[in-house]
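Trainee: Can you keep this structure in mind? I'll have questions shortly.
Nothing in this text is a laboratory measurement; each read-out follows from the coordinates by a stated rule. Note that this is a predicted model, so its numbers are computed, not measured. Note: ideal-geometry Cβ built from the backbone for every residue, glycine included; neighbour counts use all protein chains shown.
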C-alpha cells in the first residue's frame, strides 16, 4: 500500500482514530483526554498522564498512514488500554501487565507489546549513555534515565539492590599500597 495518501484520506484516518479512541474510552472520554498525531520515530503510540489526571494519547501519523486498518485495530486499542488500566488500577501497575492485557482482550485486541509495522526510513532517537555504579558493578544509564536521576528519580541495582550513583566505581587499592 502506498503511503502517498490524499489529504482527505489522511484527515479521515485521523478522525477515525479520534472517534475510535473516544468510543473505546466511553465515559472516561468526557474527562480531559487529548489526542495528538505528533509522535515520531518507530513508536506507534504513547500515553502521557499529567499530574492533574489529564491524559494525552500520541499517535505516530506516519505509521497510521502506513498501517491504516491495522493501526486502528491494534495501536488505538493498545493506547486506550493504557489509559483504562491507569484509570481503573492506578499508577502502580506494569505498563503491559495483567491488568493491561485483560483490558486489551475486553477491547477485542491481542495484548501485544510491540507492533510489526514497516518502519524503514524512520529514524529512532539516538541516546547518549552515562556511567553509573553501585556496590557490585558499573551500569550504563541512557540520557532519559540520567535526566530522571537529575530530577530525583532513584534506580536500584537488580543484583545488590543498592542505589545507582553517577560516575565510575572506585577501584580497591592492592593490599600493601
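Trainee: Would you work out if region 14-74 is rounded, prolate or oblate? Take a ≥ b ≥ c from the square roots of the eigenvalues of the alpha-carbon gyration tensor; rounded if a/c is under 1.5, else prolate when a/b is larger than b/c, oblate otherwise.
Mentor: Details: a/c = 2.66, a/b = 1.41, b/c = 1.88.
Because a/c hits 1.5 or more and a/b fails to exceed b/c, region 14-74 counts as oblate.
Trainee: So what is the calculated 222 nm ellipticity per residue for the chain, using -39500 (n - 2.57) for each DSSP H run with n of 4 or more, over all residues, to the nearest 500 deg cm²/dmol?
Mentor: Numbers: 5 runs with 57 residues, N = 177.
Result for the chain: -10000 deg cm²/dmol, rounded to the nearest 500.
Trainee: Could I ask something else about it? By DSSP, what percent of the beta bridges with both residues in region 7-106 are antiparallel, rounded to the nearest 5? Spell out each step's value before the answer.
Mentor: Numbers: 5 of 9 bridges.
If we restrict to bridges inside region 7-106, about 55 percent are antiparallel.
Trainee: Going by a ≥ b ≥ c, the root eigenvalues of the Cα gyration tensor, does the chain fall in the rounded group (a/c under 1.5), the prolate group (a/b larger than b/c) or the oblate group?
Mentor: On the way: a/c = 2.78, a/b = 1.91, b/c = 1.45.
Cα axes put the chain in the prolate bin.
Trainee: While we're looking at this one, here's another question. Just 139, 78, 87 to compare: in a GNM of the chain, with alpha carbon springs under 10 Å, which one fluctuates most?
Mentor: Of 139, 78, 87, the most mobile in the Gaussian network model is 139.
Trainee: Between 138, 68, 99, which gets the highest mean-square fluctuation from a Gaussian network model of the chain, Cα cutoff 10 Å?
Mentor: 138
Trainee: In degrees, nearest 10, range 0 to 90: what is the angle between the Cα axis of helix 7-25 and the longest Cα principal axis of the chain?
Mentor: Roughly 70 degrees, rounded to the nearest 10.
Trainee: Say we join alpha carbon atoms closer than 10 Å with springs in a Gaussian network model of the chain; which of 54, 16, 140 then has the biggest fluctuation?
Mentor: Judging by the Gaussian network model, the answer is 140.
Trainee: Next up: Taking the chain as the reference, fit the longest principal axis to its C-alpha atoms, fit the long axis of helix 76-89 to the helix C-alpha atoms, and give the angle between the two in degrees, 0 to 90, nearest 10.
Mentor: Once rounded, the angle reads 60 degrees.
Trainee: Another question about this same structure. Among bridges DSSP assigns within the chain, what percent are antiparallel (round to 5)? Please report the intermediate quantities before stating the final value.
Mentor: On the way: 13 of 17 bridges.
Percentage antiparallel, nearest 5: 75.
Trainee: Something else: Just rank 64, 156, 25, 122, fewest to most, by other beta-carbon atoms within 10 angstrom. The partial results should precede the final answer.
Mentor: Details: 64 26, 156 11, 25 19, 122 15.
Listing 64, 156, 25, 122 from fewest to most nearby Cβ atoms yields 156, 122, 25, 64.
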